[in-house]
Amino acid sequence: MEKYDVVIVGAGPAGLHCADKLAGNGMKILILEKKEVIGEKVCAGGLTRKDQEMLLLPDALIEQKMYVTMLRTSLFRSFSRYEKPVLYTIDRRKLGQWMAGEVQKKGIEIRTGTKVVKIDDDKVYTDTGSEIVWRFLIGADGVTSVVRRYLNLPVEKRIFTFQYRIPWDGEPRFEIHMNARFFHSWYGWVFPHNHYLVVGSGGDARYVSPAKMKERFHKWLEKQGFDISKATYESYPISYDYRGWDFNPVFLIGEAAGLASGLTGEGIYQALVSGEAAATRILNGRVPVPEMERVLRYNRIQNNFLKVLIKSGPFRNAIFNFILFLLKINNRLKNRVTEGFS
Ligand SMILES: Cc1cc2nc3c(=O)[nH]c(=O)nc-3n(C[C@H](O)[C@H](O)[C@H](O)COP(=O)(O)OP(=O)(O)OC[C@H]3O[C@@H](n4cnc5c(N)ncnc54)[C@H](O)[C@@H]3O)c2cc1C
C-alpha cells in the first residue's frame with residue numbers, strides 16, 4: 001500500500017502553493033488532481049498586486065497589467081490612474097501549468113486524472129483504484145470538496161457566477177459596474193485579456209434566482225453594447241462559506257474552506273495564503289499564522305459589507321452612489337480603498 005506524509009487533494013492555486021511551501025522538508029508529498037490538465041478553471045483570471053507579490057510570476061505569463069480602473073454606478077463614472085498595476089490578468093491554465101512545473105522541479109509528485117472518491121481516517125481512495133495512506137490530509141479541492149464532506153461541513157453560502165469571453169482587440173478595459181438594477185448586491189466586471197474581455201457577474205442564489213440574474217445581466221450587456229455572438233459562455237459557483245481551516249491532521253484551504261470573498265468573488269489570494277498557512281502548521285505545529293488571520297479579517301469585512309448591501313433593499317443604489325461620490329472627491333480615501341483591494 002502507498003504511504004505519504006502529506007496527501008493534497010486538488011492541484012489548484014491552494015494545493016500547488018501549499019505543496020511548494022512544504023517542499024524540501026524531507027516529507028513525502030503527493031498531489032491528486034481529478035482533471036487530466038492542471039489549471040483549467042472557470043475564472044476571470046484577475047490577480048491583485050498581493051497575489052503577484054506571493055507568486056512572482058514571470059512577465060511572459062501576465063496577459064495585461066492594468067494601471068487604470070473605471071468604476072461605475074447608476075449616477076457616476078470614475079476613472080483612476082495608478083503608478084503601480086492594480087490588476088494583472090492571467091490565463092488560469094497557464095498559471096496552473098507554471099505552478100505545477102515549479103513544484104515538480106522540487107520533486108513533488110502530481111497525479112492527474114485521479115479523483116479522490118472516498119476518505120477514511122487514514123486513507124484516501126481514488127477512482128483509479130488506489131488506496132493511499134496519509135499522515136496529513138489537505139483539502140484543496142475547491143467548491144465541491146470531498147475532504148470538506150468528510151469533515152461533515154456543509155456549503156450554504158455560494159455565489160452563482162456566469163461570464164462571457166468576448167473576442168476583443170481594442171484598448172484593454174478594466175471596469176467594475178455597481179448597479180442594483182442589474183446586479184442586486186453584486187457587480188458586473190470587465191477584465192482585459194489578450195484578444196478577449198471577460199465580462200461577468202453573479203450573486204447568491206438565496207437572494208436572486210439564477211434565471212433572474214442572467215436575464216438582468218443580458219439586459220446590461222445589451223445596454224453596454226457588448227456583442228456576445230462570438231463569445232464563449234462559462235458558469236461556476238464560488239464558495240464563501242468559511243467554517244474553519246485547521247482540523248489537524250486534516251486541513252481545508254482555498255475554496256474548499258469557503259475562503260473566497262462573498263463580496264468580490266476573489267479567491268486566489270485566499271487560496272495562496274491558506275495553502276501557506278497549512279504548510280506552516282504541518283511543519284511547525286500550532287504556531288500563530290498572522291497572514292491567515294489577516295485573510296480571515298479581510299474576508300469578514302467584505303462579507304459584512306455584503307450583508308449590509310443585501311439588507312439595504314431599495315437603498316442599495318444610494319449606497320453605491322454615495323461610495324463612488326466619496327471616492328471621486330477624496331483621493332486619499334480612494335487610494336486607501338484601492339490599496340486594500342489590490
Ligand atoms: C467566474 C469566476 C471568476 C473568478 N474570478 C476570479 C478572479 O478574477 N480573481 C480571483 O482571485 N478569483 C477569482 N475566482 C475565484 C477563484 O477561481 C477561486 O477562488 C480559486 O480558484 C480557488 O482556488 P483553489 O485552489 O482553492 O480551488 P480550485 O482552483 O477550484 O482548484 C481545486 C482543484 O481541485 C480539483 N479537485 C476537485 N475535486 C477533486 C477530487 N475529488 N479529487 C481530486 N481533485 C479534485 C479540481 O479539479 C481543481 O483543479 C473566480 C471564480 C469564478 C467561478
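None of the figures in this text is laboratory data; all of them are computed from the coordinates on show. Keep in mind it's a predicted model, so treat the numbers as computed, not measured. Cβ atoms come from the backbone with ideal geometry, glycine included; neighbour counts cover every protein chain shown.
Points to keep in mind about this one:
- Taking the chain and dividing mean pair separation by its residue count, relative contact order in percent (alpha carbons under 8 Å, at least six apart): 22
- Taking a point 7 Å from the Cα of residue 308 along the Cα-to-Cβ direction, none of the residues of the stretch 34-58 has its backbone N closer than 15 Å to it.
- Scalar couplings 3J(HN,Hα) for the stretch 2-12, obtained by applying the Karplus form with A = 6.51, B = -1.76, C = 1.60 to θ = phi - 60°, are 6, 10, 10, 5, 10, 10, 10, 9, x, 10, x Hz; x denotes Gly and Pro.
- Close amide-amide hydrogen proximity is noted between residue 266 and 261, each under 5 Å apart and 5 or more residues distant or on a separate chain (H modeled in the peptide plane; Pro and chain starts excluded).
- Structural size metrics of the stretch 223-315, computed from C-alpha coordinates, are Rg and Dmax of 17.0, 55 Å.
- Charging the Cβ of each Asp and Glu at -1 and of each Lys and Arg at +1, and nothing else, the dipole of the stretch 21-144 about its Cα centre rounds to 480 debye.
- Interchain or long-range residues, amide H under 5 Å from residue 35's placed H: 113, 114
- Full extension of the chain segment joining residue 83 with residue 332 gains 88.2 nm, where the gain is 0.36 nm per residue of separation less the Cα-Cα distance.
- With contacts taken as Cα pairs under 8 Å and at least 6 residues apart, the stretch 1-86 reaches a relative contact order of 22 percent.
- Degrees separating the helix 331-341 axis from the principal Cα axis of the chain, which is the longest one: 30
- Under 21 Å from the Cα of residue 212 - lysines, other chains or at least 8 residues apart: 157, 223, 307, 311
- Distance between the C-alpha centres of the stretch 11-44 and the stretch 178-249: 26 Å, rounded to the whole angstrom.
- FRET efficiency for residue 151 and residue 206, using Cβ-Cβ distance with R0 set to 25 Å, rounded to 0.05: 0.65
- Between residue 131 and residue 37, the FRET efficiency estimated from the beta carbon spacing at R0 = 25 angstrom works out to 0.50.
- Note that the stretch 110-118 has calculated 3J(HN,Hα) couplings of 10, 10, 8, x, 10, 9, 7, 10, 8 Hz, one per residue in order, obtained from phi through the Karplus relation 6.51 cos²θ - 1.76 cosθ + 1.60 (θ = phi - 60°); glycine and proline are x.
- Three-way shape call for the stretch 277-342 based on the alpha-carbon gyration tensor, with the a/c threshold at 1.5: oblate
- Positive-end residue of 100, 327, 146, charge dipole of the chain with Cβ unit charges: 327
- Restricting attention to the chain, close to 70% of DSSP beta bridges with both partner residues there are antiparallel.
- Where only C-alpha atoms are counted, convex hull volume of the chain per residue in Å³: 137
- Put simply, the amide H of residue 187, placed in the peptide plane, has neighbours under 5 Å in 202, leaving out anything fewer than 5 places away on its chain.
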